[in-house]
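Since the structure comes first, as structure tokens, the remarks are kept for the end.
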Amino acid sequence: MIEYLLSAAMAIGPALGYIDQYFIIKRQQSSSGFNPVTCAILLFSNIVRIFFWFGKRFDTTLLIQSAVMIITQSILLETVVRHRTPEKHESEPLKDQEQRRLRWYDTFWQWPHYLDYVNCLLGFTTVVGVAYVLLGKLPWFVEALGIISLGIESTLPLPQCISNFKTRSTAGFSLIVLATWFLGDAFKLFYFIYTNAPLQFDLCGAIQLSIDSLIVMQSILFSTKVKTWLGIHHPHPDKHFYASIP
């Protein structure tokens, strides 16, 4: 019974926090407090993880977790795109704005339509699938899939951590998501060690838990009560500078 409960918690638990984030965005009619790169990291990493499972049959619970997370993030991403406030760069010269539009790394994952994201994910899945068909029998390729998948996933909290630092605020970011990250990653690390999961999973869990701890500190330091106690009543003087960074 304990084994089944652990498996159920592992498969469903990590996705639960994003339900609260979904309703926060719907209620505020804005996704400005949530970094959409979070969805990208979870979608790309879990797609690769599924192919990793086909090559190295580790715990089936982790496969189910990937499927649940892909479905959850696809729904959340649609809401994020629908309620996203377009970034403004009115202070830039027209020439710089044109160059920004031409640079792929300034426009990637910043598309105006949800279908663009779906096409990107389908194209990515096709490329990985073809590579697996051609190289899936090679052990080094399978291990590389694990490193890529868990390497991408280990950076999950990083974009949100950077966004919080730039704005000196965690407003609009669900505390339930943060609790899910921190407690969930602590549980995941225990689960990976308990089930003798591949080493890539252990390293991923340790990195994520470290970044989660930084975001917990941010949520405390950037809270209204702490700012008032420290006598900070105005936005950080470098806020506009940080906001100008893509």
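Quick notes on this structure:
- In this structure Val133 has an accessible area near 120 Å², from a 1.4 Å probe over the protein heavy atoms.
- Alpha-carbon centroids, the stretch 1-71 and the stretch 141-182: separation in whole Å: 12 Å
- Surface accessible to a 1.4 Å probe, Glu153 within the full protein complex, Å²: 10 Å²
The values are calculated or read from the model by the stated rules, or taken from the named source; none is laboratory data. Keep in mind that this is a model prediction, so the values were computed, not measured. For the accessible areas, the whole protein counts, side chains as well, though only heavy atoms, and no ligand, DNA or RNA atoms are used. Shrake-Rupley method; radii C 1.70, N 1.55, O 1.52, S 1.80 Å.
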